[in-house]
Every structure is written in structure tokens, then in C-alpha cells.
Amino acid sequence: MNRVLVEAERNTRSAAERKLVIYSSSMVKGRAIVGHATVLEELERDLEALNVAHAYLFSGPEHIGKTNVAHWFATELLLKGVPEEKHENVQTRMEKLTHPDFLSLDQLWIEGVCEDWDTIAKTSNAPQQHRAKKPAAKTDVISIDDVRSLQERLYETGTGQYRCCFIRAVGRMQTAAANAFLKILEEPPEGLVFLLTTQSFSTLPPTIISRTRVVRMQRLSYAELAPLLEDAEEEDRKFILHIAQGAPGTICALRDNPDLLREHKLLHSKAFSFWQSHSLKDRLQILVHLHKRGEESDRFLLHLALTIREHEVSSGGVKAFNRLVRGLGTNAHRQLLAQQFALSV
């Protein structure tokens, strides 16, 4: 196994806090895995004991590292039984998503949102041309046509001991797609290992969960994450760690993108101002960020949640916020929900 133990030399921390475990996967540049040592050791034991399940479900919060771990495990599976002199070739093909024994259904072709095949090819190599032929493919939903196209590839003859199929956010499947996929899970092709991810079990049928080996991934501690920000300014370091909520992917995104960091700081300031303001007009103006679905709305909602504790919001305000979150998760009128929230706090 390609494991590297990195000691972060910081005099202000204890020896235990200075340890940062990184499983460095050379199959994809930049996919080093921070933390999750227990999970990776568990997967190693499965491989070494020849106790590999036909399906793994990696669960945990967004940007926690589920995809990186799944790709790392896929590489280890595909390296099984391959002569060492050919390892680099396998890893390079995995990096480029050209390995014939690895299928990935990650980013989807979506009309008007993501129609760039070069961009899609960076994360997905499963057939998606059928989506472009159906203008109705406007949402990030895995349809039964997607599953059928994937199924055609799943029964091809592999070149090694294992074949892997990665599906990110398997909860995106429509009911018909989930039912079709369940049939494959019940009688999978010989040597095929499914690697699935989800943020929440509530989005999945219990029958799919029961047919997988669940791997729960937890948020990481500040001690594990801090070395990622060793070169950051102290103010930025504290802010990023606070915003990331234990997710290394979020830390790397904010650390490497100054514009994104500035956007989050601005949204955080506005969210804090919302709880401080006694003017209904000002509150309504701040909540404009919630009127349209999208990343900006999701980010602002995150900052509203984070600033609740900072501002010591009353229990009534917390309840109102929870109602807002539930409402935004439905098809209710978003502007009306924002108005009701502003009035209730």
C-alpha cells in the first residue's frame, strides 16, 4: 500500500495533534486523502483477507473525502494481481479515467447547465450520449436510461481480477432507476465491485442500503485539518476551519481560491448582520440570497446556520430557521418562505 505518514511540525501542538495521516494515492494527482485512517485500514483488511464485498456505500457529509477514498480503493482493487512493473500504467489510466475495468458515473450531462463533454470526462466515463438526445435531461437526476446505459458496460469481460463501478450521490436515482439498479445489485456480474457515495441514507431505498457494505465517514478534527492551512494567514486559517466543519475538500477549495474565500466572508458578514438587524426591510434585503436555488443560496443558508451560535439566537429564532430549511427543501415559493422567516425572528 502506498501510505505516507506526515508529521506536521508545529511547536504549539501536542505530539498527538501533530500527526496527520495521508494515504497518498498516486492514481490521481492531487487526490491525497487526509485523515480517515480507520476507514482505509478497514478497506485494506477486506482486500488482504479476500473479503471484498460486491458493493460499498460510502456515507458522510459533503466534501468529506468519500470520492477520494472510493477512487483509492478502486485503484487498489485493480492493482490486485497486476505485476509491479505495470502498476504505473494502471495508475495513469485511472488518473485519465481510461482504464477499461473502471466505470464512473459522477458529473451528468445537463441541458443548459453542463453540456461540455470535456468537463464531464474529468469525472465520468460512463455512457451519457443518450442524455443529449433527450432535452428533458435538465436536472442532476440519474434516470433509468442512465442505469440501462451503464448496465450495458457492466457485463463486459474484465482484464483483471476485479472491475469497479463508481456512482457518486447514488441518491440522485429516480425510483425506476433505483429499482433497475437494485436488480443488478441482487445479481452482480462476477468480480464487479460497486463503489457508491451518499450524504444521507434518507435519500436511498432501504433495499439498496441492505445490499451494500456501509462505510461511514466522519468529519475530521482541527488537528487533522490544520496542516492543510500551514501557509495561510491566521485570520483566514480560523475562518476556513470554522466554515469547513471538518470537511477537507472545503478547506482546499477555500485555500486555493481567494475569490471564493472572499465570497464566503461576505456572505458570513451578511448572515451575521441578519441576526443583528432589527429592521424588517434590512432583513428582507439580506434574504434575497435565498430567492433562487443554487450554490449562492446554499452557501448563504450555511452561513445563517453558522452565525446562529455566534449571535446566540433565541430558541424561537432557531425553530424559525429550521422551518425555513425544511421549506427550502420543497417546491414552496422561496421568496414567501424568506418573508415568513424574516417576520418570525
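Read-outs: derived from the displayed coordinates by stated rules, not from any lab. Since we're looking at a predicted model, the values are computed, not measured. All Cβ positions, even for glycine, are placed from backbone atoms using ideal geometry, and neighbour counts span all protein chains on display.
Below is a table of values for the structure above.
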| item | result |
| --- | --- |
| Cα gyration tensor, the range 263-345 - rounded (a/c under 1.5), prolate or oblate | rounded |
| Glu95, Glu190 arranged by Cβ crowding within 10 Å, fewest neighbours leading | Glu190, Glu95 |
| Environment charge of Arg334, counting only residues whose C-beta is closer than 14 Å and scoring Lys/Arg +1, Asp/Glu -1 | +2 |
| Set of aspartates and glutamates with alpha-carbon distance to Lys265 below 12 Å, sequence-local pairs under 8 removed | Glu235, Asp236 |
| Those trypsin sites (Lys or Arg not before Pro) in the range 206-308 that DSSP places in a loop and that have at most 14 other beta carbons within 10 Å | Lys292, Arg293 |
| All aspartates and glutamates inside 18 Å of Lys134 as judged from Cα atoms, apart from same-chain residues fewer than 8 positions distant | Glu111, Glu115, Asp116, Asp145, Asp146 |
| Unit charges on C-beta of K, R, D, E only; dipole of the range 258-344, Debye | 260 debye |
| Stretchable slack from Leu154 to Glu84, in nm (0.36 nm times residue separation minus alpha-carbon distance) | 22.5 nm |
| Helix runs (DSSP H) in the chain reaching 18 Å along axis by Cα, Kyte-Doolittle at least 1.0 | none |
| Footprinting exposure proxy for His268, His99, His63 (fewest neighbouring C-beta atoms within 10 Å first) | His63, His268, His99 |
| ³J(HN,Hα), Karplus 6.51/-1.76/1.60, whole Hz, each residue of the range 200-207, x for Gly, Pro | 8, 5, 5, 8, 10, x, x, 5 |
| Neighbour net charge for Ala132 - beta-carbon separation under 10 angstrom, K R +1, D E -1 | +1 |
| Least to most buried among Cys252, Cys114 (fewest other Cβ within 10 Å first) | Cys114, Cys252 |
| Long-range amide H partners of Phe166 with built H, under 5 Å | Leu103, Ser104, Leu105, Leu195 |
| Which listed pairs, of Lys238/Lys281; Lys281/Lys319; Lys66/Lys122; Lys138/Lys281; Lys138/Lys238; Lys183/Lys292, have C-alpha distances above 27 Å, in listed order | Lys238/Lys281; Lys138/Lys281; Lys138/Lys238; Lys183/Lys292 |
| Share, in percent, of DSSP beta bridges within the range 36-216 that are antiparallel, nearest 5 | 5 percent |
| Pairwise centroid distance, computed over Cα atoms, of the range 299-329 with the range 165-227, Å | 29 Å |
| Positive minus negative residues near Leu261 (Lys, Arg vs Asp, Glu; Cβ under 13 Å) | 0 |
| Point-to-point label distance, Lys319-Ala121, nm (Cα→Cβ direction, 7 Å offset) | 5.6 nm |
